[in-house]
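Structure first, then comments.
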Amino acid sequence: MALLDGKAGVVTGGGRGIGRGHCEELASHGMAVVVNDVDPEVAEEVVKAITGAGGTAVASSDSVGTREGCQALIDLCAKEFGRVDAVVNNAGIVRDRSLLKMTDEEFEAVYTIHVKGTFWCGQIGAQRMREQGGGVIINTTSGAQMGNFGQTNYAGAKGAIAAMTYTWAGELARYGIRVNAVAPMATTRMTENLPGQKPDPSNFLDPRLNSPMVAYLCSDEAAWITGQVLAVGGNRVGITVQPRYGDTMYRDGGWSVDAIRELFPRTLGGKLEDFGLTKQPYPFRPDRPVGSKD
């Protein structure tokens, strides 16, 4: 018996890159898959590849950019396969621009697909899963949530998705629904135009290498895992450290500006962290100017 026999699931953005890898990996382990992509031709191509290899799949070109599209997508899975065991929120777009140049349209486009699409598919999928006694939601976040130049919209969306993952895991546990996220790493169409990135065949990262963890998280063997963000892709599988409070100062009666001026620089000032995905030296410390290596 295959790992995912008898299960059915949805993969958004499943026509290319990482999403296609998820679809084919899940199907290879026995899951019946709805391959969702706004490009119906590429969705059909994936379905043909899956069925040609002996798997089960149907195509969907519904847009996750609307609640109606997400509803139709989940309904299709239930209609075709009788249940919805997994929702893999993978669909995404980029509209990179620095903060001072980003337009409302560029922000809204990314926010809608990533955040609203994840919310709609997650909510509608969870409603179905609650009725059937459980299921799995896998969201897609990114290291960009740590801060990445030119990606206010994308980084903000991915941070929101991580926060939703933690929240949903707590809310949905009572219904037997597990919620995790992956932060993938791959060479795809979305990475071609990243700031400072140039195509380099020697640095190609196969999108399919992100998918084994997704298949595992969808299985009953992973029933003990929820509320986690896992870094995947290439040769790695890692745990993303969840947000938490760090070192803290306490003072009876609370803090005044004068007390903060006196104590913060010598108590917590030396513990400020470098920031951003690339971890450049903290630019506002006089002892660590931009470009320093220590």
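Simple rule: put +1 on each Lys or Arg Cβ and -1 on each Asp or Glu Cβ in the chain, find the dipole, and look at P265, I161, L26; the Cα lying farthest toward the positive end is P265. In summary, the aspartates and glutamates within cross-link reach of K7, defined as a Cα separation below 19 angstrom excluding same-chain residues under 8 places away, comprise E24, E25, D75, E80, D85, E131, D220, E221. Which label marks the calculated value of volume of the Cα convex hull per residue in Å³, given the options (i) 175; (ii) 127; (iii) 112? Read-out from the structure maps to (i).
Distance cut-off 32 Å, Cα to Cα: go down the list K116/K271; K79/K116; K116/K279; K48/K116 and report the pairs above it. Where the Cα-Cα span goes over 32 Å, the pairs concerned are K116/K271. Springs between Cα atoms under 10 Å define the GNM used for the chain, and in it the highest mean-square fluctuation of K116, K101, K271 occurs at K271. The residues neighbouring D247, those whose beta-carbon lies less than 15 Å from its own, together hold a net charge of +3 under the Lys/Arg +1, Asp/Glu -1 convention.
Taking amide hydrogens as placed 1.01 Å from N in the peptide plane, the amide H of A181 sits under 5 Å from those of N139, Q228, V229, L230, each at least 5 positions away in sequence or on another chain. Relative to the dominant Cα principal axis of the chain, helix 117-132 is inclined by about 60°.
Measuring with a 1.4 Å probe in the full set of protein chains, what accessible area per residue, in whole Å², belongs to the chain?
With all protein chains present, the chain gives 54 Å² per residue.
Of G246, V47, S211, which is farthest towards the positive pole of the chain's charge dipole, taken about the Cα centre with +1 and -1 on the beta-carbons of Lys, Arg and Asp, Glu respectively? Of the listed residues, the answer is G246.
Charge dipole of the chain (Cα centre as origin; +1 on each Lys and Arg Cβ, -1 on each Asp and Glu Cβ, all else neutral): 640 debye, rounded to the nearest 20.
Each Lys or Arg adds one and each Asp or Glu takes one away; over the other residues whose Cβ falls under 15 Å from the Cβ of G133, this sums to +3. Taking the charge dipole of the chain about its Cα centre, with +1 at Lys and Arg Cβ atoms and -1 at Asp and Glu Cβ atoms, the residue from W224, G125, V35 reaching farthest to the positive side is W224.
Within the accessible area of the chain, the carbon and sulfur atoms contribute 53%, probe 1.4 Å, all protein chains present. Here the chain carries DSSP beta bridges of which approximately 15% are antiparallel, counting only pairs with both residues inside.
The values are calculated or read from the model by the stated rules, or taken from the named source; none is laboratory data. From a predicted model like this one, the values you see are computed outputs, not experimental measurements. Positions of Cβ are backbone-derived with ideal geometry, glycine not excepted, and every protein chain shown enters the neighbour counts. The area values use the complete protein model at the heavy-atom level, side chains included, leaving out ligands, DNA and RNA. Shrake-Rupley method; radii C 1.70, N 1.55, O 1.52, S 1.80 Å.
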